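The values are calculated or read from the model by the stated rules, or taken from the named source; none is laboratory data. These figures come from a predicted structure and were not determined experimentally. Positions of Cβ are backbone-derived with ideal geometry, glycine not excepted, and every protein chain shown enters the neighbour counts. The accessibility values were calculated without ligands, DNA or RNA, using every heavy atom of the protein model including side chains. Shrake-Rupley method; radii C 1.70, N 1.55, O 1.52, S 1.80 Å.
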Amino acid sequence: MGKFEALLLSLIVLLLALSVKPSVGYEGKGKGKGKGGSEGESAFMMEKSKQVVKTDGGEVRVLRGYMQRGTSNPMHIGFISMEPKTMFLPQYLDSSLILFIRTGEVKVGWIHKDEMVEKQLKTGDIYQIPAGSAFYLLNTGHGQRLSIICSIDVSNSLGFNSFQSFFIAGGTYPTSVLAGFDKRTLVTAFNVTNEQLREFLGRQNSGPIVYVTEAKQPHTWASLLRLKQEEGRAMKQVEEDDQEEEDPRQKGGDDEPIWTWRKLLNSFLGKGRRGKKGPVRAPDSYNLYNRKPDFQNNYGWTMALDESDYAPLRHSGIGVYLVNLTAGSMLAPHVNPTATEYGVVVRGSGTIQVVYPNGTSAMNSEVREGDAFWIPRYFPFCQIASRSGPLEFFGFTTSSHKNQPQFLVGGSSVLRSMIGRELAMAFDVSEDRLKRLVDAQTESIILPTWPLPPAEERREE
């Protein structure tokens, strides 16, 4: 056999070996020690966050999702924290957002169907901002820090597995995308002088999240808020006079242009007024805490929000869920056959267990408030609240269709539905023994407090 034939044969053997090897990360790896010293690996904890914004007024951190077969891009999880009386400057993203207001109140202003709309959101509200829509966030809670958890869908993003902000408002920090245009172009587009343009685009230097009180920003942002109020009072007159050409140099008391946010965004995006079509109605928010649980018993409750409940989810292809477990209770071992799940612990502590397809432990990790995790589609898993208090976790799924989890244990389990001679033969036990085992648990979905092993019980006493 010649050298060429030998090399070709070796290459074929190598390709065959690679074709039958399990995908990386999904292969059972035996047992180790996870977070908190628990048995198993922390393979599905999202522990490495990246700080993408940090100012005196707040910060934004992002946990990157993980690639899977069958998905073009992963979902990222963002955490937005804003101090009282602060604003996240007007911008748009190449990725869509679904906001969950964890604590506080916020006013969201964004461009919907060529018009500026504003929504006041409170704790528990869900709201979607589509990719490419300019928006701003204003913390309106009285002396309260704002905390938002959001999904970041990068399926339409410019870069692979990443997202990009485009700030409309700004100055030297952040820089407005307007600053990249030729100055003569902007002077003509805005119909202002060079001096007015420099003043407009050169003042902001406090970062993407800024204070809007006069103590922090006495000139720019306080005046913008006053102009926003003036704009609201003037809207009725503008709507009644829709056919009259608007003067771009409308004067204020000091002979300066009244630069309102709506005019700025419309000028930049090239949007005209809608004539006499009437006001635009944007989608409302959806409050999870006002929703009746989909399932509830003495040990906790669960709820899942899909596109049939909240229409904007249909456009994003993302679902939302919220689970509350009483102290020591368990969300029974189950499988999500339709979507990958991303979750964040919003209250309490507990344990999450995930199993590989080959029946070995993928993860058995302790979790506490603020921890994030993800569960691949088809992987069996369960969540268990600590005995010291309840566990509540919120999250997103990669499908907006109605979720149909398959429970492996409990009163509504797959085992109970399949019980019979064939299943008994599969476990190599008698039918009577199988029935006694499967029927021993009378509760469904959320199961009662799990007993401690005798040694741990003695230690607790």
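General observations
- Taking a ≥ b ≥ c as the square roots of the Cα gyration tensor eigenvalues, segment 164-209 comes out oblate, since a/c reaches at least 1.5 and a/b does not exceed b/c.
- Extended-chain gain in nm, criterion 0.36 nm per residue less alpha-carbon gap, D284 and N194: 28.3 nm
- Label-to-label distance, nm, for residues given as K119 and S430 (7 Å Cα→Cβ offset): 6.0 nm
- Once the Cβ-Cβ distance of Q404 and E369 is raised to the sixth power relative to R0 = 41 Å, the FRET efficiency obtained is 0.90.
- Estimated distance in nm for a label pair at A327 and N205, the labels positioned 7 Å out from Cα along Cα-to-Cβ: 5.5 nm
- Computed over protein heavy atoms with a 1.4 Å probe, the accessible surface of segment 308-360 works out to 30 Å² per residue.
- Backbone N atoms of segment 354-368 closer than 17 Å to the 7 Å Cα→Cβ label point of Y66 belong to residues 354-367.
- Radius ratio Rg over Rh of segment 111-190, counting only Cα atoms, Kirkwood formula for Rh: 1.01
- Accessible surface of H315, taken over heavy atoms with a 1.4 Å probe and every protein chain present, rounds to 150 Å².
- Extent along principal axes [Cα atoms of segment 286-368; Å; largest to smallest]: 39, 30, 21
- Global form of segment 134-177, assessed from the alpha-carbon gyration tensor, a/c cut-off 1.5: oblate
- Take the Cα of H315, step 7 Å toward its Cβ, do the same at R291, and the gap between the two points is 1.9 nm.
- Compared with the direct C-alpha span, the chain from L437 to S308 gains 42.7 nm at full extension, assuming 0.36 nm per residue.
- For segment 313-351 versus segment 78-126, the inter-centroid distance based on Cα atoms is 23 Å.
- Shape analysis of segment 42-118 places it in the oblate category; the axes a ≥ b ≥ c from the Cα gyration tensor give an a/c of at least 1.5, with a/b not above b/c.
- Cross-link pairs K119/K183; K122/K402; K48/K183 - those with Cα-Cα distance over 32 Å: K119/K183; K48/K183
- With all protein chains in place and ligands, DNA and RNA left out, the 1.4 Å accessible area ranks K54, K119 as K54, K119, largest first.
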